[in-house]
Amino acid sequence: MDNATHIKESPRSDQTLLVLLAKSGDRAALEQLLHDIYGPLRRYIIRLAGITLADDILQETSIQIFRKLRFLREPAVFRPWSFRIASRVAFSHLKRARRWQPLDDVSAEQLTVLDPSLGELPDEVFLNLLSYVSPASRAVLLLHYQHGLSLEESAVILDIPIGTAKSRLNYGVTTLRKHLTTERKPA
């Protein structure tokens, strides 16, 4: 039987195999895992903490993944586990830098053409508006809306109770809608 007739493994099972290989010391498997998670983590970190802190956070996250991988009990949860590490590192950097302050990335023209419903916001505008939300709520919004994770998965990644994830999501959505409404009112 040739390779073309084999059923392809799903990315999740490939990832689980890579985790198992990396845990047993396979350097190529570890490099592949880090390569595969790099893009999603980088986008998440930039949106959570900003571009200026992103490289430092990503580097520290990669080091922690490398150091802690052997302690990961369930290889199938590598991706959410990686986001959890990235979230913790990002929050630590944000606290140290005391960088939380609204950015003025969103133009009035962008805001006036939008429906206040978050589901209808273009990705670029949604991501720009996230700068007006606290980092804690921003993390839940990004994980839930941008990465398509459930609130339960987001809560596990952030190591918070589901009720806290729901309230942070509600606060974030309310803040974004309030900002959109305020920006739409004529001066």
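Laboratory data are not the source of any read-out in this text; all were calculated from the coordinates shown. All values derive from a computational prediction rather than experimental measurement. Positions of Cβ are generated from backbone atoms using ideal geometry, with glycine treated the same way; all protein chains shown enter the neighbour counts.
Structural remarks
- The simple spin-label model puts a point 7 Å past each Cα toward its Cβ; for residue 178 and residue 68 those points are separated by 3.2 nm.
- Here the calculated FRET efficiency for residue 162 and residue 26, from their Cβ-Cβ distance with R0 = 45 Å, stands at 0.80, rounded to the nearest 0.05.
- Of the residues 156, 133, the one with the fewest other Cβ atoms within 10 Å heads the list, and the complete ranking is 156, 133.
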